[in-house]
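These notes are about the structure you will find just below.
Read-outs: derived from the displayed coordinates by stated rules, not from any lab. None of these values were measured; they are calculated from a predicted model.
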Amino acid sequence: MLRSLASRGVLPVAHSLRRPVARGSIATAAPTKMALSSVKFGKGDLPGFVAGPKKGPAVIVLQEWWGITDEIKRQATYLQEQTDFSVFIPDLYHGKIGVNAEEASHMMGNLDWPRAVDEIKEAVKYVKEQGATKVGALGFCMGGALSCLAAEHAGAAAAVAFYGTPDPALGHPDKVKAPLQFHTGKEDGFKGFADPETVNTWAKTNNDAGGSAVVYEYDGEGHGFMNAGKDIHEMMKTGDLPIGSKASQDLAWSRAIKFLKQNLA
């Protein structure tokens, strides 16, 4: 199960990969008129989605292992509405979507990570050519790891990583100078990738080298707790991934938005 993470020794522990259970307040995505437009960018006309003003700060929003789902589009749209920044989603799977956890894990395992970093560089270049001033990165799971890589390799001026850290072969916390903000559930069982110990070690190494990283941990939350839509919840069930609480989601969003405004505006 979850083969893409097994190669890194990242195997979920059983207690955190429980089936979704009802809580006092389960987040559901409010109906949102999608403001995203599809675009082509970079070498080879890469696919992406963009919303918001061309001039001013921009955020590269990076996908989970599922691909460009309606959920990541809703998250990007919400971020744009709350900040009035431009948001840009590069489609790193080039149109493919994992319909269940096993397929998504396989797709993540087959991702050419250096190529993905190059495509993120192209995305940063694109939004800057469109008029962006400072460019940040924000991502979830696989996208969280890629956000760290965007800060190290793609010129992101700040990065928010939700439950994900990069492979040591590509990501070097002691070399990242841009401010970093990490979010992880205290019950995240993706050991070596997104669990609190791994995330805190990554941040400490960054801080010890003169960086600026902060970690927020969320009681009772497992991997993928920021997903709010019923459609993505059904996909999460295929991997026994727990549903996050609205309280944790709201708190994490408020912290991420404040951080990005402080560092990009």
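Annotation: amide H-H contacts under 5 Å for residue 165 (H modelled 1.01 Å from N, sequence separation of 5 or more, or interchain): 145.
Hey, what D do you get for the chain in µm²/s if you plug the Kirkwood alpha-carbon radius into Stokes-Einstein at 20 °C and 1.002 mPa s?
The Stokes-Einstein estimate is 119 µm²/s.
Stokes-Einstein diffusion for region 191-265, with the hydrodynamic radius set to the Kirkwood value over Cα pairs and evaluated at 4 °C in a medium of 1.567 mPa s, equals 92 µm²/s. Extension gain for residue 219-residue 205 works out to 2.7 nm (0.36 nm per residue, less the C-alpha to C-alpha distance). Secondary structure note: in the chain, about 30% of the DSSP beta bridges are antiparallel.
Each principal axis of the Cα cloud of region 152-211 was taken in turn, and the coordinate range along them, longest first, works out to 31, 19, 17 Å.
Computed 3J(HN,Hα) for region 168-179, one whole-Hz value per residue from the Karplus formula 6.51 cos²θ - 1.76 cosθ + 1.60 where θ = phi - 60°, is x, 5, 10, x, 10, x, 6, 9, 7, 9, 6, x, glycine and proline marked x.
Taking every C-alpha pair closer than 8 Å and separated by at least 6 residues, the mean separation divided by the residue count of the chain gives a relative contact order of 23 percent.
Across region 138-265, Cα-Cα distances exceeding 24 Å account for 23% of all pairs. Across region 112-122, computed HN-Hα scalar couplings (Karplus, 6.51 cos²θ - 1.76 cosθ + 1.60, θ = phi - 60°) run 7, 5, x, 5, 4, 4, 4, 5, 5, 4, 5 Hz from first to last residue, x flagging Gly and Pro.
Amide hydrogen proximity for residue 215: with H placed 1.01 Å from N in the peptide plane, the residues at 5 or more positions away or on another chain lying under 5 Å are 182. Summary value for region 97-229: 19 percent relative contact order, contacts being C-alpha pairs under 8 angstrom separated by 6+ residues.
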